[in-house]
1. (1) open to solvent by 10 Å² or more (accessible area, probe 1.4 Å); (2) over 19 Å from residue 77 (Cα atoms): which one isn't true of residue 11, the others all being true?
2. Restricting to the range 14-34, give me the number of residues that are assigned to a strand (DSSP E or B), open to solvent by less than 50 Å² (accessible area, probe 1.4 Å) and either among the basic types (Lys, Arg) or farther than 23 Å from residue 97 by Cβ (or both).
3. Going by the structure shown, is residue 37 exposed (fewer than 14 other Cβ atoms within 10 Å of the Cβ) and either within 18 Å of residue 9 (Cβ to Cβ) or not aliphatic (A, V, I, L, M) (or both)?
4. I'm checking my understanding of the structure. Among residues of the range 47-66 that are over 15 Å from the mean Cα position of the chain (by Cα) and under 24 Å from residue 96 (Cα atoms), which one is surrounded by the most Cβ atoms within 10 Å (Cβ to Cβ)?
5. For the range 67-76, which positions are within 16 Å of residue 95 (Cα to Cα), open to solvent by 10 Å² or more (accessible area, probe 1.4 Å) and in contact (Cβ under 8 Å) with a residue 24 or more places away in the chain?
6. Check residue 6 against each of (1) open to solvent by 20 Å² or more (accessible area, probe 1.4 Å); (2) of a type in the set (A, V, I, L, M); (3) over 27 Å from residue 108 (Cα atoms) and name the one condition it does not meet.
7. Check the range 75-91 and report whether any residue there is in contact with a Lys or Arg (Cβ under 9 Å, 6 or more places away or on another chain) and over 25 Å from residue 23 (Cβ atoms).
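The values are calculated or read from the model by the stated rules, or taken from the named source; none is laboratory data. No experiment lies behind these values; they were computed from the predicted model shown. A quick note on method: Cβ atoms are made from the backbone with ideal geometry, for glycine too, and the neighbour counts reach across all protein chains shown. Heavy atoms of the whole protein, side chains included, go into the accessibility calculation; ligands, DNA and RNA do not. Shrake-Rupley method; radii C 1.70, N 1.55, O 1.52, S 1.80 Å.
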Amino acid sequence: MYWDSAECDGVGVLQLFGFLGRQDAHRFEGAVDWVRSRCKGPLVLDMSGLLGWSTEGEAAVVRAAGDSLAVCGLRERPAPLLAAHEAVIRIYPDLPSAVAHLASDARSRAEASRPAGGVH
């Protein structure tokens, strides 16, 4: 397994390639931590370049979710553990839709947290 990262519209993107198995779980979790430390916005895991994963690899994704994670690019890949954790893992069909939704959510939350304008 290897990975790459980017930031799109304030959304951290971690792209996975190859196969995510038990032997890669620790390196994957380190990659998630690395991306989260550099991007303060939401994180999306792009799995479209992943050729496959083991049950241990899927479990590593669940552990890495923390309080929130978005996943895209699963295609027809079964993901029963991800589906069981839908409260903290949001699943999108592709990267553009994930980034658009997450960036829009982040902007809405930022606007809602700003103090109302006016004379004080």
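1. (1)
2. Qualifying residue count, the range 14-34: 1.
3. Criteria met by residue 37.
4. This residue is 53.
5. Residues satisfying the conditions are 74, 75.
6. Here residue 6 meets the rest and fails (3).
7. Of the range 75-91, the ones in contact with a Lys or Arg (Cβ under 9 Å, 6 or more places away or on another chain) are none.
Taking every residue of the range 75-91 in turn, none turns out to be in contact with a Lys or Arg (Cβ under 9 Å, 6 or more places away or on another chain) and over 25 Å from residue 23 (Cβ atoms).
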